[in-house]
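Chemist: First the structure, then my questions, so here it is.
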Amino acid sequence: MYEIIKTVISSGRFELTDMLKKINTQWLEGSIADEHRKELITIAREKANPEDSYAPVRNQIEGLYKNMEEMAREITELKTEVVKLKGEEVQPPEPEEEYPPYKKPSGAHDAYHAGDKIAFEGKWYICIAPEGVAVVWGPAEYPYYWKEVTE
């Protein structure tokens, strides 16, 4: 069983979480020894394709980020209603900068997408990445996803 699992891992066609479960199941059933289990887990983690292995987590994070944006919008609306009910004057929100300063994303949850605008090193840029692509690089690192705006 050890050789079969090692062959599958070497092919690179597996999802990490699923493979780790299979390794542990085989180990619990006594089909592989402790040292083989440790070796297979190490190899699987090294060979795992992040696009295949962490997609569910990435999708969850993006979903949570969208939910947070929606909740923030709803909270702002509720705050406005409370202010009105108190009879106080509603202050207009601070206008957003059309080209906010570039901030290095830490992952897909705060990445840039097609149409996003930034100010970077004294110039303005708009993200021209394909629809659905999360951009975590700035214009200097990956200029193919950014178009300089010269207005």
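The values are calculated or read from the model by the stated rules, or taken from the named source; none is laboratory data. None of the values given here were measured: they were computed from a predicted structure. Here the Cβ is made from the backbone with ideal geometry for all residues, glycine too, and neighbour counts use every protein chain on show. Surface areas here come from the heavy atoms of the whole protein model, side chains and all, with no ligands, DNA or RNA. Shrake-Rupley method; radii C 1.70, N 1.55, O 1.52, S 1.80 Å.
Chemist: Looking only at the range 75-121, how many residues end up being over 17 Å from V136 (Cα atoms) and of a type in the set (D, E, K, R)?
Modeler: Of the residues in the range 75-121, 11 are over 17 Å from V136 (Cα atoms) and of a type in the set (D, E, K, R).
Chemist: Name the pairs whose Cβ atoms lie under 6 Å apart, with the first residue in the range 32-61 and at pLDDT below 75, the second assigned to a helix (DSSP H, G or I) and not hydrophobic (A, V, I, L, M, F, W, C), and 6 or more positions between them or separate chains?
Modeler: Going by the 6 Å Cβ cut-off, the qualifying pairs are I61/H109.
Chemist: Tally the residues that are open to solvent by 50 Å² or more (accessible area, probe 1.4 Å) and either of a type outside the set (D, E, K, R) or touching a residue at least 40 places away in the same chain (Cβ under 8 Å) (or both), restricting the search to the range 6-23. Don't jump to the end; show me each part of the working.
Modeler: Let us first name the residues in the range 6-23 that are open to solvent by 50 Å² or more (accessible area, probe 1.4 Å), namely 6-8, 10-11, 13, 15, 17-18, 21-22.
Among the residues that remain, those that are also either of a type outside the set (D, E, K, R) or touching a residue at least 40 places away in the same chain (Cβ under 8 Å) (or both) are: 7-8, 10-11, 17.
Number of matching residues: 5.
Chemist: Given (1) touching a Phe, Trp or Tyr at 6+ places or on another chain (Cβ under 8 Å); (2) assigned to a helix (DSSP H, G or I), identify the lone condition not met by T76.
Modeler: With (1) touching a Phe, Trp or Tyr at 6+ places or on another chain (Cβ under 8 Å); (2) assigned to a helix (DSSP H, G or I) applied to T76, the lone miss is (1).
Chemist: Turning to a different aspect of this structure: Can you name the number of the only condition in (1) surrounded by fewer than 12 Cβ atoms within 10 Å (Cβ to Cβ); (2) modelled with pLDDT under 85; (3) not small (G, A, S) that E29 fails?
Modeler: That leaves (2) as the condition not met.
Chemist: A further question follows. Being over 22 Å from L64 (Cα atoms) and surrounded by 14 or more Cβ atoms within 10 Å (Cβ to Cβ) narrows it down to one residue among Y102, Y112, Y144; which is it?
Modeler: Exactly one of Y102, Y112, Y144 is over 22 Å from L64 (Cα atoms) and surrounded by 14 or more Cβ atoms within 10 Å (Cβ to Cβ), namely Y102.
Chemist: So the check is Cβ under 6 Å with 6+ separation or different chains; which pairs have a first residue in the range 100-114 that's closer than 13 Å to E62 by Cβ and aliphatic (A, V, I, L, M) and a second one that's open to solvent by 70 Å² or more (accessible area, probe 1.4 Å) and at pLDDT 90 or above?
Modeler: none
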